[in-house]
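Inspection log for the structure reproduced underneath, given as structure tokens.
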Amino acid sequence: MKNVSIKNLLFIAVGFLAAGFFSSCKPPKVDSAMAGDAAKRVYVAPGKKDEIYLFTSGGFSGQVGVYGLPSGRMLKQVPVFSQDAETGYGYSEETKPMLMTSHGYTPWDDSHHPQLSRTDGQDDGRWLFINANNTPRIARMDLGIFKTTEIIELPNCGGNHASPFTTQNTEYVVGASRFSIPYDKDGDAAIAEYKDKFKGTISFIKVDKETGRMNLNFQLLVPGVDYDLSRAGKAVSHGWVFFSCYNSEKAHTLLEVNASQRDKDFIMAVNWKKAEEYLAQGKGMKWAANYAHNVMDEKTHTATSTMEKEVTVLDVKDLPGVCYFIPCPKSPHGCDVDPTGEYICASGKLAAVIPVYSFSKIQKAIEAKSFDGDFDGVPVIKYEAALDGEVEKPGLGPLHTEFDDKGNAYTSFFVSSEIVKWDVKTKQILDRVPTYYSIGHLCVPMGDNIHPYGKYVIALNKITKDRYLPTGPELTQSAQLYSIDGQKMQLLLDFPTIGEPHYAQACPAELITKHEVKFFKLDSNSHKYACKNEKDAKVVRNGNDVHVYMTAIRSHFTPDNIEGVKMGDNVYFHVTNLEQDWDVPHGFAIKGANNSELLILPGETSTLKWTPDHSGVYPMYCTDFCSALHQEMQGYVRVSPAGTNTALKFSTGE
Amino acid sequence: MKKLKIFTRIIIAMCALAMIPSNFVSVWQIQLEAPQYPEGMKMEIWSHKIAGDIDKINNLNHYIGMSQIKEENFPEFKIMPWMIWGFVLIGLFTAIVGRRFMLWIFTSVLVASGAWGIYDFWHWEYEYGHNLNPHAAIKLPGMSYQPPLFGWKQLLNFLAGSFPDVGGWLIIAPAVIVVALLMYEMIRKK
């Protein structure tokens, strides 16, 4: 008993000593670098407007979020790749074709990287492009109306991740495959044959200067690794695109281990002007394909989906001068070109340095053939020959870099959860701030332009934890706004975002507001079933299809009483909003409809298809509080049993 | 025959010519402001047409049962351009002839036309403000919606303002000068 107690006492004493030692030596937490006047700097007084538009990818929501900065207020969610019951996108007859793919109707996707259109290397505020990662597609949003107006599917592609990056004058948006796949007949190959049979593709989608209309000009067939991110060259490097590649091990299973073995993966430099030359010489192969091209017509307010049947493919291993690999430390993610176009910095997720390559050195290395052999027929430039310098000990898990207007770079670090500011020329680290938590991409307004706007950096975080009031197991996504005006970065604001904002782009508000559309002109509406005048409202039976040419204006529908619909009919409500004023949408819903409401903007026509499942009298009403008598904006449709002779009739106010 | 001074004749001619542009711009304006319309709405009355946010105004007015304001309901739009051209011709003729009785005639035509214009405008305002559809959604006992003849007036949630527009001032200002000239010529001759 005695012995035991002495021993115990000794242990307890040692325990206290140890506790005291560890607690006294625990280093303090990193300062949050919160600006003292943060509230004033993000406060946008009631009625005042934000300085900047921020477009965030919705991640697994498939949409795009629109925010005002510096307030962080959410302004809109624009439906792109996923159905949206709130606006009827993907539910109305007009918008269903937007979500067609070669796999049929595809009502969801995973959207990652928004890209603004640009002219002379500067955002021009006309369109926003965004990729669908899962079922490879690229969408174009018209920033005059904040609607998705075109979606093109990418054939021969698995996982459209390195996408959609735009060239200096939006000549092209590019999309490269994350998952290489086999191109044998039928695409049927053993997965274990990855190394021999799997290939990647890079799609070059040409964009019409005036209309923005996209067209898959050609695809490059490239070695079978994973293509992750990309940036087009600009200024001195205009004509080139750079891609980061991981999995140069060519693993097809347990990639977290098997694709992390080599010390170096690659940056791939692509000379697209050279590829265009080969294309003009007829070096392309015509491959049969099947991919959807969906276009929303602004006059008919109706989308059409066309299946394209052919694509031109250039195999880079047979075409010298198009593609070069440059070794890059471990599993690079970001691959970012500085404002001068001369420096390309790559962020290896598992690397201890950030390599910065020089475009002119790359050119010299190509000229001098300073190659280290080839990889699947593509020359590998010697690392040292392409390198301008390395940023030493930057942090853990570098992901992505953007730039300000003063020669500084800002790199995000997922593992060490911070943003690091460094000098592009000297490669010296200037400042670091913590992010909350585990930042993925970051965004400097116009941070990938020739002349960045600067002023702020936005952290797009992967983990939210305790930053907001909790909402159960699933939390909101989180972003932070930092000031980069001074020497030190300063935290100004936390703000929640929808979906997972992988990446975001931001530009000054006036680039967008200068061509904002307030409503659609009724005179220009050439929808097949438009009804531009109440007097012309009608109900027409065509076999089992009943077409209702309906109008909506404050505060009634015409017609609002319909009889003569029978069981077995398909009823199409073609509702035209006759309003010609800003912010007067009308909604339309009918009991028992197995889809969504319609949200019809002024001057627009939208169609809801409804198949009654039972006879009876069905109420319909306006769902968007439009006016003082909105609640009175309602009506009835009578559905009679099949075989009865209820006459077709319709009226309003009788 | 009393001759006008050459100075008077030149001013009369200038006044007559100054009226020409009022056939090509808005003569009178009615402005409407409401909490939901901080930017305001404007109805423009030209010599030959109505312009401005007329569709928006008509759409809102249907709640109180006001008749639709439509160009074809106003025969005035066929007459007014000729009246303005008439002013110009009579003015120029007065300047050329240079007789005081012509100045009397010109002034009388202007004053009489002005009086008729004011009455006619008031009459239409009264008509639209009082002749309301008995089945209107919004009916307030004793409430009428006659816009002001001149100045501002609150009508439910709308503040209505009635003022001359550019074309109006291009008639009013020369008319005032012409009246002043007549008075000057009368005093001068005594």
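The values are calculated or read from the model by the stated rules, or taken from the named source; none is laboratory data. The model shown is predicted, which means the values in this text are computed figures rather than measured ones. Here the Cβ is made from the backbone with ideal geometry for all residues, glycine too, and neighbour counts use every protein chain on show.
Would you be able to say whether some residue in the range A:401-409 is of a type in the set (A, V, I, L, M, F, W, C) and surrounded by fewer than 18 Cβ atoms within 10 Å (Cβ to Cβ)? Taking every residue of the range A:401-409 in turn, none turns out to be of a type in the set (A, V, I, L, M, F, W, C) and surrounded by fewer than 18 Cβ atoms within 10 Å (Cβ to Cβ). Considering the conditions (1) of a type outside the set (Ser, Thr, Tyr); (2) surrounded by 13 or more Cβ atoms within 10 Å (Cβ to Cβ); (3) out of contact with any Asp or Glu (no Cβ under 6 Å at 6 or more places or on another chain), B:Leu159 is excluded by exactly one of them, (3).
Counting only strands (runs of 3 or more DSSP E) that sit completely within the range A:360-449, those holding 1 or more residues that are among the small types (Gly, Ala, Ser) and under 21 Å from A:Tyr246 (Cβ atoms) correspond to A:371-375, A:408-413, A:439-443. Look at A:Pro155 and say whether it is of a type outside the set (Gly, Ala, Ser), within 22 Å of A:Ser82 (Cβ to Cβ) and assigned by TED's automatic domain parsing to the domain that holds A:Val313. Yes, satisfied. Candidates in the range A:282-319 are the residues that are in contact (Cβ under 8 Å) with a residue 12 or more places away in the chain and assigned to a loop (DSSP other than H, G, I, E, B); of these, the one that is farthest from A:His527 (Cα to Cα) is A:Leu319. The residue that is nearest to the other protein chains (Cβ to nearest Cβ), counting only those in the range B:46-57 that are surrounded by fewer than 18 Cβ atoms within 10 Å (Cβ to Cβ) and among the charged types (D, E, K, R), is B:Asp55.
The residue that is farthest from the other protein chains (Cβ to nearest Cβ), counting only those in the range A:615-634 that are exposed (fewer than 15 other Cβ atoms within 10 Å of the Cβ) and under 27 Å from A:Thr95 (Cα atoms), is A:Pro619. Could you tell me whether the range A:495-507 includes any residue that is in contact (Cβ under 8 Å) with a residue 24 or more places away in the chain and over 22 Å from the mean Cα position of the chain (by Cα)? Within the range A:495-507, not a single residue is in contact (Cβ under 8 Å) with a residue 24 or more places away in the chain and over 22 Å from the mean Cα position of the chain (by Cα). With respect to being within 30 Å of B:Ile69 (Cα to Cα), touching an Asp or Glu at 6+ places or on another chain (Cβ under 6 Å) and of a type in the set (S, T, N, Q), B:Gln146 fits the description. Out of the residues in the range A:579-614 that are out of contact with any helix residue (DSSP H, G or I) (no Cβ under 7 Å at 6 or more places or on another chain) and of a type in the set (Gly, Ala, Ser), which is nearest to the other protein chains (Cβ to nearest Cβ)? If we take residues in the range A:579-614 being out of contact with any helix residue (DSSP H, G or I) (no Cβ under 7 Å at 6 or more places or on another chain) and of a type in the set (Gly, Ala, Ser), then A:Gly587 is nearest to the other protein chains (Cβ to nearest Cβ). Taking the range A:539-577 as the range and being within 14 Å of another protein chain (Cβ to nearest Cβ) and part of a strand (DSSP E or B) as the test, the residues that pass are A:Thr551, A:Ala552, A:Ile553, A:His556, A:Thr558, A:Asn577. Out of A:Asn461, A:Asn525, one residue alone is crowded, with 16+ Cβ neighbours inside 10 Å, in contact with a Gly (Cβ under 8 Å, 6 or more places away or on another chain), modelled with pLDDT of 95 or more and under 30 Å from A:Pro602 (Cβ atoms). It is A:Asn525. Of the residues making up the range A:437-483, those that are among the polar types (S, T, N, Q) and out of contact with any Asp or Glu (no Cβ under 9 Å at 6 or more places or on another chain) are A:Ser438, A:Asn461, A:Thr464, A:Thr471, A:Thr476, A:Ser483. Checked against the criterion of being touching a Lys or Arg at 6+ places or on another chain (Cβ under 6 Å) and not assigned by TED's automatic domain parsing to the domain that holds A:Gly144, the candidates A:Ser640, A:Ser615, A:Ser606, A:Ser596 yield just one match: A:Ser640.
Just one of (1) over 30 Å from A:Ser524 (Cβ atoms); (2) without any contact (Cβ under 8 Å) to a residue 12 or more places away in the chain fails for A:Lys330. It is (2).
For first residues located in the range B:138-166 and within 14 Å of another protein chain (Cβ to nearest Cβ), partners that are surrounded by fewer than 14 Cβ atoms within 10 Å (Cβ to Cβ) and lie 6+ apart or on another chain with Cβ distances below 7 Å form the pairs B:Asn157/B:Pro35. Being under 20 Å from A:Pro329 (Cα atoms), out of contact with any Lys or Arg (no Cβ under 7 Å at 6 or more places or on another chain) and of a type in the set (Asp, Glu) holds for only one residue in A:Glu256, A:Glu298, and it is A:Glu256. In the range A:580-602, of all residues being surrounded by fewer than 20 Cβ atoms within 10 Å (Cβ to Cβ) and charged (D, E, K, R), the one that is modelled with the highest pLDDT corresponds to A:Lys591.
Residue-wise test of (1) within 14 Å of chain A (Cβ to nearest Cβ); (2) buried (at least 17 other Cβ atoms within 10 Å of the Cβ); (3) touching a residue at least 60 places away in the same chain (Cβ under 8 Å).
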{"site": "B:Cys15", "(1), (2), (3)": "no, yes, yes"}
{"site": "B:Leu32", "(1), (2), (3)": "yes, yes, yes"}
{"site": "B:Gly40", "(1), (2), (3)": "yes, no, no"}
{"site": "B:Glu44", "(1), (2), (3)": "no, yes, yes"}
{"site": "B:Asn59", "(1), (2), (3)": "yes, yes, no"}
{"site": "B:Gly65", "(1), (2), (3)": "yes, no, yes"}
{"site": "B:Glu72", "(1), (2), (3)": "no, no, no"}
{"site": "B:Phe77", "(1), (2), (3)": "no, no, no"}
{"site": "B:Leu110", "(1), (2), (3)": "no, yes, yes"}
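Listed by first and then second residue, the pairs with beta-carbon distance under 8 Å, at least 6 apart or on different chains, first residue in the range A:172-189 and closer than 14 Å to A:Pro223 by Cβ and free of Cβ contacts under 8 Å to residues at least 40 places away in the same chain, second aliphatic (A, V, I, L, M) and surrounded by 19 or more Cβ atoms within 10 Å (Cβ to Cβ), are A:Tyr183/A:Leu221.
Of the residues making up the range A:474-502, those that are within 15 Å of A:Lys462 (Cβ to Cβ), part of a strand (DSSP E or B) and of a type outside the set (S, T, N, Q) are A:Ala479, A:Asp494, A:Pro496. For the range A:540-555, a tally of residues being surrounded by fewer than 20 Cβ atoms within 10 Å (Cβ to Cβ) and closer than 18 Å to A:Arg638 by Cβ returns 5.
Kindly evaluate A:Tyr529 against the criterion of being out of contact with any Pro (no Cβ under 8 Å at 6 or more places or on another chain), touching a residue at least 24 places away in the same chain (Cβ under 8 Å) and in a strand (DSSP E or B). Answer is no for this residue.
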